[in-house]
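Structure record follows, encoded as structure tokens.
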Amino acid sequence: MLEKNYNPKDFEEKIYADWENSGDFKPDMRANSDAFSIVIPPPNVTGYLHMGHALNNTLQDILVRYNRMLGKKVLWQPGTDHAGIATQMVVERNLAKEGISRHDLGREKFIETVWKWKEHSGGTITKQLRRLGASCDWSRERFTMDEGLSRAVRKIFVHLYKDGLIYKAKKLVNWDPKLGTAVSDLEVVQKETVGKMYYYKYPIEGEKGEYIHIATTRPETMFGDTAVAVSKDNEKLKHLIGKNCIIPIIDKVIPIIADEHADPEKGTGAVKITPAHDFNDFEVGKRHNLPLVNVLNADATMNENTPYPGLTTQEARVKTIEKLTELGLMDKIEDHPMVIPYGDRSGVVIEPYMTDQWFVDAPVLAKEAIRVVEEGDMQFVPKSYEKTYFEWMRNIQPWCISRQLWWGHQMPIWYGPDDTIFCEETEAEAQAAADKHYGKHVELRRETDVLDTWFSSGLWAFSTLGWPDKTEYLETFYPTSLLITAFDIIFFWVARMMMMSMYMMKRVPFKKCYIHGLVRDEKGQKMSKSKGNTIDPLDTIEKYGADALRFFMAAMETQGRDINLSEARITGYRNFATKLWNAARFGEMNDCFTNREFNPDNAKLAVNQWIIAKAREATKEVTDNLESYRFSDAANAVYQFVWGSFCDWYIEMIKPILYGDNDADKAETRAAFAWVLDRILIILHPFMPFITTELWNNTAKRDTKLIHASWPKDENIDTKAMERIDWTIDLISAVRSLRAEMNLPAGAKPIIYLKDANTQSIDNLQSFGKIICSLARLEKAEAFHGEVTPDMVQNVFKESTLLMPLKGVVDFAAEKERLQKELAGLEKRLAGYANKLNNPGFVERAPAAVVEEEKRRQAEALESKSKVEAALARIANF
RNA sequence: GGGUGUGUAGCUCAGGUGGUUAGAGCGCUACGUUGACAUCGUAGAGGUCACAAGUUCGAGUCUUGUCAUACCCACCA
């Protein structure tokens, strides 16, 4: 028995628990069928589900469930990411509340604390994914820091190192002074700000009263200047090339050099060169062999190479300007719009900073990753993201993978007493290598840096399947079929997975990559905690059910576009679920589910043939659209079929049969109803797994669970059966329009005569007369005479020449009088408008808006007039 | 500066290779409690498909340009 009301909270969690406990998400490894696999984009282990996850995982689950029903061996591999920086920050923040820093604890204790915290609050997001209905094989859940995955990380690291593709170098990197670590280019966000441009001058050595004028946004870095550059094409300044100038305050002599980096059009034409604190200057420095002078400490305070050790850059800037002014060297200060780099996690200004770091030779790895996409071994959906990918891959820079953090994969690097590097998978192997190298036992020191989180994420597609071991799962499911992810992660993750897999596995990590957009708020604004416009998907699920949220995501997902969250729309899809629920209850009340013996190809009644054909047509549409990743089209096809065909027409049309007394017709119709409802449950299941399962379980005793029901393919669609009822529906709609147009009272039961009907329509009228009369509320529907083709009949409907004798139903005399009165009124109004608008005084002097309004009213009245005239003409016959 | 999108009904958006009358949901108007459903039904109003030129028998769809808008990358002395 179905409950009267659709209440998803009553069954969603129960149904999920049953799937999980029965192992329904596990692939049947013995099955002799194709494999389909997806690896989940691992959410942060300590994260919470947000709308982006809801979208991402709904799309994955739809395809996973669909492919499972196709009978494939399906694996959806779940897991979480250790999220180095993010997690370390959270734990540090928690410690800070107790007044403890990580340094108080020490590295080992701190990592222990993080693990404890992970155990404690790590399961949240996976529980939330279950609530959404994600049918991942949780028995295979992995974590990027678990032993197996760590082994994979060490192995590939050593491999890359020995191939010369990982190297250590002292380079200028993006330095996050708050976190005290290097970060990659991708982790830096540029923000527009209004800053100041400082213009001042350096005295020329040995030429009293001569100066070179420079401009900078960061005067405090002048103590790190090791040259001033001028273009050799700069007519005004080129005479200074080869001379020296003096950095004021510290009175340091530096050369004036020729370099094309100095654009005569910009600033003063002369550029101070600070190789240790600017990426461009670093390159200039390399070209001219300039020394590097570091002026900052790791926490971005000034160091002892400056007159202001310990001060912040801001404080030092003020002091420097004061001093320059005092020395009479300041020219001017101007407001200057500029872009400043910030750490995307820490939110502080990122400093270019000289340190020893580890790099992956990304330009080399990118080659194969580019080639396989060019050759179509991996395809982006939508295809346009290929360009973004190529653009980035072709201009890729070495990837800085070392982080001066504690939480993460410690690099498998050991140093000997003379700093010789030993890179091995285990400490024992490193020790052995070192002992051999030195010819005696030595003490080794392990590299303290950990790896960028994305290094381990880059291995996700194969490390989760058991690599480096040769496992059955790796054999069966690699390369994975598909990756579904958001566009903002193409560079971070997709690109790195491609590089890592091409390097290590010599195969693509996934054959296709579906990229979706962002979920924004109602107004199209990006959701963010700081704006306070985030909506918790769990709240939405609580209110409307997981099915409604899922269907919303599917229905809104059109390739290449962001989704604006709309509560009204989610409500609409909850209503859709209610509608389906009630339709099922209708079936139950009419005893449709007792006899499940039914062969749809043997249906005799036209309505049943019709709905079966429609159901098959809808199935094909859903199938085709899912195959081409057109989620919205697939969702809309089910929606239209369920609401527009099944509920609006089929149920209405079978009422006379079900309430009638032809037992054979009744039996067939009941069985057909059950068959169609089953079909709906099957094709809707990937989108709304909960309600469909609940209805499946409550409408029959089944041998197969819905989640494993087989997806219908290659069916014969009887278009003839569709046309007959479609014709009938058109006729009923036409009559209904006419009734409304003629203001017929609800109780009126007129007769219609179909003018010039042909044999087909005569036949249709005879077959469906009862249905037509019932749904259009007619006394009788009869054919007129003559030959008319079906599309001409349409025109007949259109022109309203459908004959509808209404004597006795409508008082024509009164109606005529009413219409004539209305016409007279309209004519009077029209005369008024014409009078006004023909008056030059009005047109010239009245405000334009008023004239426009008057014209609009005139047009409106004209339109009404023609309608009334048409109505009068129509009833003139009676 | 380089690149990629977007601009269609009051709102939010669909509209594979050009092809009858451009669609949906919400909102709006009128009617309706007819034995699944008011979380509903019936009917209806509402569009110069941003603008301009071009290709074509035919353009929302293709080309070029303009305007508006969003995002990505790089740089900014």
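The values are calculated or read from the model by the stated rules, or taken from the named source; none is laboratory data. No experiment lies behind these values; they were computed from the predicted model shown. As a convention, Cβ positions derive from the backbone with ideal geometry for all residues, glycine included, and neighbour counts pool all protein chains shown. The accessibility values were calculated without ligands, DNA or RNA, using every heavy atom of the protein model including side chains. Shrake-Rupley method; radii C 1.70, N 1.55, O 1.52, S 1.80 Å.
In the list A:Tyr211, A:Tyr202, which residue meets the criterion of being within 16 Å of RNA strand B (Cβ to nearest atom), in contact with a Pro (Cβ under 6 Å, 6 or more places away or on another chain), over 30 Å from A:Lys367 (Cβ atoms) and in contact (Cβ under 8 Å) with a residue 40 or more places away in the chain?
On inspection, the qualifying residue turns out to be A:Tyr211.
Looking at A:Asp176, A:Asp185, A:Asp146, which one is among the charged types (D, E, K, R) and without any contact (Cβ under 8 Å) to a residue 24 or more places away in the chain?
Answer to the check: A:Asp146.
Go through (1) open to solvent by 10 Å² or more (accessible area, probe 1.4 Å); (2) touching a helix residue (DSSP H, G or I) at 6+ places or on another chain (Cβ under 8 Å); (3) in a helix (DSSP H, G or I); (4) modelled with pLDDT under 95 one by one and return the number of the condition A:Ile111 breaks.
Result: A:Ile111 fails condition (2) only.
Okay, residues lined up against (1) within 16 Å of RNA strand B (Cβ to nearest atom); (2) in a helix (DSSP H, G or I); (3) within 23 Å of the chain's Cα centre (by Cα):
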site: A:Val372; (1), (2), (3): no, yes, no
site: A:Glu386; (1), (2), (3): yes, yes, yes
site: A:Ile396; (1), (2), (3): yes, no, no
site: A:Pro417; (1), (2), (3): no, no, no
site: A:Thr448; (1), (2), (3): no, no, no
site: A:Asp469; (1), (2), (3): no, no, no
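Can we say A:Lys236 is part of a loop (DSSP other than H, G, I, E, B) and more than 10 Å from RNA strand B (Cβ to nearest atom)?
Judged against the criteria, A:Lys236 is a match.
For the condition surrounded by fewer than 18 Cβ atoms within 10 Å (Cβ to Cβ), within 14 Å of RNA strand B (Cβ to nearest atom) and part of a loop (DSSP other than H, G, I, E, B), what is the one hit in A:Asp714, A:Asp661, A:Asp624?
A:Asp661
Hey, A:Gln559 hits all of (1) within 11 Å of RNA strand B (Cβ to nearest atom); (2) among the polar types (S, T, N, Q); (3) surrounded by fewer than 16 Cβ atoms within 10 Å (Cβ to Cβ) but one; which does it fall short on?
Exception for A:Gln559: condition (3).
Which members of the stretch A:500-544 meet the condition of being in a helix (DSSP H, G or I) and surrounded by fewer than 22 Cβ atoms within 10 Å (Cβ to Cβ)?
Answer for the stretch A:500-544, where residues must be in a helix (DSSP H, G or I) and surrounded by fewer than 22 Cβ atoms within 10 Å (Cβ to Cβ): A:Tyr503, A:Met504, A:Leu538, A:Asp539, A:Thr540, A:Glu542, A:Lys543, A:Tyr544.
The rows are residues; the columns are (1) crowded, with 20+ Cβ neighbours inside 10 Å; (2) at pLDDT 95 or above; (3) within 13 Å of RNA strand B (Cβ to nearest atom).
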{"residue": "A:Phe576", "(1), (2), (3)": "yes, yes, yes"}
{"residue": "A:Ala584", "(1), (2), (3)": "yes, yes, yes"}
{"residue": "A:Met589", "(1), (2), (3)": "no, no, yes"}
{"residue": "A:Arg596", "(1), (2), (3)": "no, no, no"}
{"residue": "A:Lys604", "(1), (2), (3)": "no, no, no"}
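For the stretch A:242-347, please list each of the strands (runs of 3 or more DSSP E) lying entirely inside it that holds at least 3 residues being among the acidic types (Asp, Glu).
A:330-343
Restricting attention to the stretch A:330-376, report how many residues are over 27 Å from A:Val158 (Cβ atoms) and of a type in the set (D, E, K, R).
Residues meeting the conditions: 9.
Determine whether the stretch A:149-168 contains at least one residue that is touching a residue at least 12 places away in the same chain (Cβ under 8 Å), among the β-branched types (Val, Ile, Thr) and assigned to a strand (DSSP E or B).
Yes - at least one qualifying residue is present in the stretch A:149-168.
Among residues belonging to the stretch A:11-28 that are free of Cβ contacts under 8 Å to residues at least 40 places away in the same chain and open to solvent by 80 Å² or more (accessible area, probe 1.4 Å), point out the one that is farthest from A:Leu132 (Cα to Cα).
Taking the candidates together, the pick is A:Asn21.
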